[in-house]
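Trainee: Got a structure for you, questions after.
The values are calculated or read from the model by the stated rules, or taken from the named source; none is laboratory data. Quick caveat, the model's predicted, so the values are computed rather than measured. Cβ placement follows ideal geometry from the backbone for every residue including glycine, while neighbour counts extend to all protein chains displayed. Heads up: the accessible areas ignore ligands, DNA and RNA and are worked out on the full protein's heavy atoms, side chains in. Shrake-Rupley method; radii C 1.70, N 1.55, O 1.52, S 1.80 Å.
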Amino acid sequence: MASELASMFPKLGSLGTSDHGSVVSINLFVALLCACIVIGHLLEENRWINESITALIIGLGVGVVILLISGGKSSHLLVFSEDLFFIYLLPPIIFNAGFQVKKKQFFVNFITIMLFGAIGTLISCAIISLGAIKFFKKLDIGFLDIGDYLAIGAIFAATDSVCTLQVLHQDETPLLYSLVFGEGVVNDATSVVLFNAIQNFDLSSVNPSIALHFIGNFLYLFLASTLLGAATGLLSAYIIKKLYFGRHSTDREVALMMLMAYLSYMLAELFYLSGILTVFFCGIVMSHYTWHNVTESSRVTTRYAFATLSFLAETFLFLYVGMDALDIEKWKFVSDSPGLSVAVSSILMGLILLGRAAFVFPLSFLSNLMKKSSEEKITFRQQVIIWWAGLMRGAVSMALAYNKFTRLGHTQLQDNAIMITSTITIVLFSTVVFGLMTKPLISLLLPPQRQLSTVSSDANSPKSLTAPLLGSQEGSEVDLNGQELPHPPSLRMLLSAPTHKVHRYWRKFDDSFMRPVFGGRGFTPVAPGSPTEQEP
């Protein structure tokens with residue numbers, strides 16, 4: 001990573017060797033990360049600012065200072081590296097999301113999450129692509145083929161709901177948090193899979209056979225990535241359960257969990273699958289099985305280690321995006337026609353608003369039709385917050401845009417430069433403007449009130465990791481309110497409460513086959529120095 005950081009910064013003044021440049025880069029970023037943490041803590045109770053916006057503003061400010069020091073000539077100072085993003089920063093963020101997720105809420109709302117995250121992303125992509133075809137041709141921004149327009153749709157369909165999730169609370173609004181969080185992860189994965197599928201196809205002549213092949217490839221990437229993540233998580237659980245690393249060294253347990261998690265992501269990239277989906281479901285499986293197979297000290301260590309890595313990666317990412325927004329090389333191409341760049345950014349922002357609304361409200365209506373209980377239905381105010389949460393664009397959009405419209409971070413064509421600067425403008429505008437209004441909006445629509453969480457959390461578990469994969473902490477067959485469910489005929493049960501029926505079958509299968517092999521909740525590993533270990 002040091003070499004990646006060094007490539008982002010020129011020699012400042014008389015600083016000599018590339019090694020010394022790496023030291024300067026690392027010192028600068030460590031100091032900036034410390035500043036973000038301190039300032040974020042001081043602004044913890046602020047109604048408007050959150051940590052994402054703080055890091056973004058600090059990145060912009062530091063970028064301005066360095067450009068002034070270099071005399072405005074260091075255009076390579078802020079080169080965005082999609083490799084740094086996809087290989088180093090994204091895996092810990094997505095893995096921790098799966099590792100810390102409240103699995104009961106996630107899987108109970110799984111159908112709605114998939115509607116928003118997968119079907120909704122496809123609808124948004126289609127609307128943005130069609131709108132871009134209609135308006136961009138009138139603006140005459142350059143030569144863009146059908147593949148470019150579809151890629152633009154995939155790029156701007158990728159949401160960034162970090163600002164909203166920093167305001168919502170899992171215990172106070174479990175349904176809303178679960179939907180926003182789940183949709184965000186599935187949306188990112190769908191956008192990346194869709195983008196890769198578009199890149200791998202020759203779309204110069206679209207016909208039914210190519211369309212079917214495209215859909216088949218998309219479904220293959222989605223399912224294969226999910227299965228690979230689950231398989232890697234199960235392998236880690238089996239190894240740790242059988243070999244009892246904790247009897248000699250808890251360090252080995254923690255190291256193996258971290259390496260297996262990262263291995264799942266890199267294996268997906270090796271086989272041209274979606275690393276986001278793979279590492280997310282690896283995190284879910286590890287929290288359900290592997291985490292319960294390690295010693296108590298390893299549980300506490302992994303809980304905070306994964307959360308810390310994710311926090312640092314997110315903060316680093318917003319700093320990175322804020323500084324890269326000032327890269328002179330990209331802006332000089334559009335300096336002759338600033339009005340065109342503003343027009344493209346405005347059109348794309350309008351299409352994002354329209355594309356988001358086009359699926360959130362109709363799919364929420366469809367989801368409510370499938371739910372019997374009024375408590376499980378999504379209210380109109382909650383729908384507005386879900387719509388708002390997906391308006392912000394972030395690092396995934398930036399990385400995909402750079403992948404499509406640059407070569408090694410550099411832009412040589414005007415139309416490509418316009419798309420890059422438009423992406424930067426939308427990311428900054430949506431994160432700062434919409435992000436600043438997130439707290440007041442949620443406070444207005446959902447006045448703060450304490451609600452009991454539907455899933456209790458153990459103090460020594462990563463949030464709800466003591467909850468089984470589709471059930472409650474006690475392991476009994478209960479519904480969301482803790483009441484025992486009746487046992488009507490299977491078909492009637494499946495139609496009236498599909499998630500609970502699937503849950504019952506899953507629990508029986510999990511208790512009978514999975515836990516005896518892979519461990520999990522209820523498995524007690526051998527702790528170092530315990531009487532069990534000392535016995536001959």
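Trainee: Tell me whether the stretch 295-310 contains one or more residues that are without any contact (Cβ under 8 Å) to a residue 24 or more places away in the chain, more than 30 Å from residue 37 (Cβ to Cβ) and assigned to a helix (DSSP H, G or I).
Mentor: Taking the stretch 295-310 as the starting set, the residues that turn out to be without any contact (Cβ under 8 Å) to a residue 24 or more places away in the chain are 304, 308.
Next, from what is left, pick out any that are more than 30 Å from residue 37 (Cβ to Cβ): none.
No - not one qualifying residue is present in the stretch 295-310.
Trainee: Under 6 Å between Cβ atoms, which residue pairs at least 6 apart in sequence (or on different chains) link something in the stretch 255-272 that is acidic (Asp, Glu) with a partner that is surrounded by 14 or more Cβ atoms within 10 Å (Cβ to Cβ)?
Mentor: That search, which allows pairs on different chains as well, returns 269/275.
Trainee: Do any residues in the stretch 224-245 that are farther than 23 Å from residue 197 by Cβ have Cβ atoms under 6 Å from those of residues that are crowded, with 16+ Cβ neighbours inside 10 Å and aromatic (Phe, Trp, Tyr), where the two are at least six apart or on different chains, and which pairs are they?
Mentor: Once the first residue is farther than 23 Å from residue 197 by Cβ and sits in the stretch 224-245, its partners that are crowded, with 16+ Cβ neighbours inside 10 Å and aromatic (Phe, Trp, Tyr) give 234/518; 237/289; 237/518; 238/518.
Trainee: Applying the selection to the stretch 330-350, what residues are of a type outside the set (A, V, I, L, M, F, W, C) and out of contact with any Gly (no Cβ under 9 Å at 6 or more places or on another chain)? Step through it out loud before you land on a result.
Mentor: Applying the first criterion (of a type outside the set (A, V, I, L, M, F, W, C)) to the stretch 330-350 yields 330, 332, 335-339, 341, 345-346, 350.
If the condition is that a residue be of a type outside the set (A, V, I, L, M, F, W, C) and out of contact with any Gly (no Cβ under 9 Å at 6 or more places or on another chain), then 330, 332, 335, 336, 337, 338, 339, 341, 345, 346 are the ones that fit.
Trainee: Would you confirm whether or not the stretch 258-266 contains a residue that is over 14 Å from residue 231 (Cα atoms) and open to solvent by less than 10 Å² (accessible area, probe 1.4 Å)?
Mentor: Within the stretch 258-266, not a single residue is over 14 Å from residue 231 (Cα atoms) and open to solvent by less than 10 Å² (accessible area, probe 1.4 Å).
Trainee: Need pairs with beta-carbon distance below 6 Å; first residue within 13 Å of residue 40 (Cβ to Cβ) and in a helix (DSSP H, G or I) and within the stretch 55-69, second polar (S, T, N, Q) and open to solvent by less than 40 Å² (accessible area, probe 1.4 Å); sequence gap 6+ or separate chains.
Mentor: What qualifies is 55/315; 56/431.
Trainee: While we're on this one: Keeping to the stretch 298-352, report how many residues are in contact with a Ser or Thr (Cβ under 6 Å, 6 or more places away or on another chain) and of a type in the set (Lys, Arg).
Mentor: Total meeting the criteria: 1.
Trainee: Limited to the stretch 358-378, what total is found for residues that are in a helix (DSSP H, G or I), open to solvent by 10 Å² or more (accessible area, probe 1.4 Å) and of a type in the set (Gly, Ala, Ser)? Break it down into steps so the answer makes sense when it comes.
Mentor: Of the residues in the stretch 358-378, the ones in a helix (DSSP H, G or I) are 358-369, 374-376.
Checking which are open to solvent by 10 Å² or more (accessible area, probe 1.4 Å) leaves us with 358, 361-363, 365-366, 368-369, 374-376.
Adding the requirement that they be of a type in the set (Gly, Ala, Ser) leaves 358, 374.
The total comes to 2.
Trainee: With the requirement that a residue be farther than 14 Å from residue 177 by Cα and in contact with a Lys or Arg (Cβ under 9 Å, 6 or more places away or on another chain), what does the stretch 96-126 give you?
Mentor: Selection gives 99, 120, 124.
Trainee: Here's something else I'd like to know. State which residue is nearest to residue 153 (Cα to Cα) when the search covers only the stretch 171-208 and only residues that are of a type in the set (Gly, Ala, Ser) and at pLDDT 75 or above.
Mentor: Taking the stretch 171-208 first, the residues of a type in the set (Gly, Ala, Ser) are 178, 182, 184, 189, 191, 197, 204-205.
Narrowing the set further to residues that are at pLDDT 75 or above leaves 178, 182, 184, 189, 191, 197.
On the way: 178: 25, 182: 21, 184: 17, 189: 14, 191: 9, 197: 13 Å.
Only one residue fits best here, namely 191.
Trainee: Filter the stretch 214-229 down to residues that are open to solvent by less than 30 Å² (accessible area, probe 1.4 Å), of a type in the set (A, V, I, L, M, F, W, C) and at pLDDT 90 or above, then give me how many there are.
Mentor: The qualifying residues number 1.
Trainee: If you check residue 275 against the conditions, is it in contact with a helix residue (DSSP H, G or I) (Cβ under 7 Å, 6 or more places away or on another chain), over 17 Å from residue 192 (Cα atoms) and small (Gly, Ala, Ser)?
Mentor: Details: in contact with a helix residue (DSSP H, G or I) (Cβ under 7 Å, 6 or more places away or on another chain): yes; over 17 Å from residue 192 (Cα atoms): no; small (Gly, Ala, Ser): yes.
Spelling it out, it is not the case that residue 275 is in contact with a helix residue (DSSP H, G or I) (Cβ under 7 Å, 6 or more places away or on another chain), over 17 Å from residue 192 (Cα atoms) and small (Gly, Ala, Ser).
Trainee: Then there's this: Can you find a residue that is modelled with pLDDT of 85 or more, over 28 Å from residue 30 (Cα atoms) and open to solvent by 70 Å² or more (accessible area, probe 1.4 Å) anywhere in the stretch 274-296?
Mentor: yes
Trainee: Considering (1) more than 26 Å from residue 84 (Cα to Cα); (2) of a type outside the set (S, T, N, Q); (3) open to solvent by 40 Å² or more (accessible area, probe 1.4 Å), say which one residue 270 fails and leave the rest.
Mentor: (1)
Trainee: Looking at residue 323 and the list (1) part of a helix (DSSP H, G or I); (2) more than 23 Å from the chain's Cα centre (by Cα); (3) modelled with pLDDT under 90; (4) of a type in the set (A, V, I, L, M), which single condition is not satisfied?
Mentor: It fails just one condition, (2).
Trainee: Restricting to the stretch 344-357, what's the tally of residues that are over 12 Å from residue 391 (Cα atoms) and crowded, with 18+ Cβ neighbours inside 10 Å? So that I can check it myself, show each step before the final result.
Mentor: Within the stretch 344-357, the first condition is being over 12 Å from residue 391 (Cα atoms), and the residues that meet it are 344-347.
Remaining after also requiring crowded, with 18+ Cβ neighbours inside 10 Å: 344-345, 347.
The number of residues fulfilling the criteria is 3.
Trainee: Tally up the residues in the stretch 162-186 that are closer than 23 Å to residue 375 by Cβ, of a type in the set (S, T, N, Q) and not in a helix (DSSP H, G or I), please.
Mentor: Of the residues in that region, 2 qualify.
Trainee: Residues being part of a helix (DSSP H, G or I) and either over 19 Å from residue 223 (Cβ atoms) or of a type in the set (Phe, Trp, Tyr) (or both): count how many of those fall in the stretch 90-119.
Mentor: Residues of the stretch 90-119 part of a helix (DSSP H, G or I): 90-100, 103-108, 110-119.
Narrowing the set further to residues that are either over 19 Å from residue 223 (Cβ atoms) or of a type in the set (Phe, Trp, Tyr) (or both) leaves 90-93, 95-97, 99-100, 103-108, 110, 112, 116.
Number of matching residues: 18.
Trainee: Out of everything in the stretch 120-150 that is in a helix (DSSP H, G or I) and touching a Phe, Trp or Tyr at 6+ places or on another chain (Cβ under 7 Å), what residue ends up being nearest to residue 307 (Cα to Cα)? Steps first, answer last, please.
Mentor: First, pick out the residues of the stretch 120-150 that are in a helix (DSSP H, G or I): 120-139, 146-150.
Restricting the remaining residues to those that are touching a Phe, Trp or Tyr at 6+ places or on another chain (Cβ under 7 Å) gives 120, 123-124, 128-129, 132-133.
Working: 120: 29, 123: 33, 124: 31, 128: 34, 129: 36, 132: 39, 133: 42 Å.
Per the criteria, the residue is 120.
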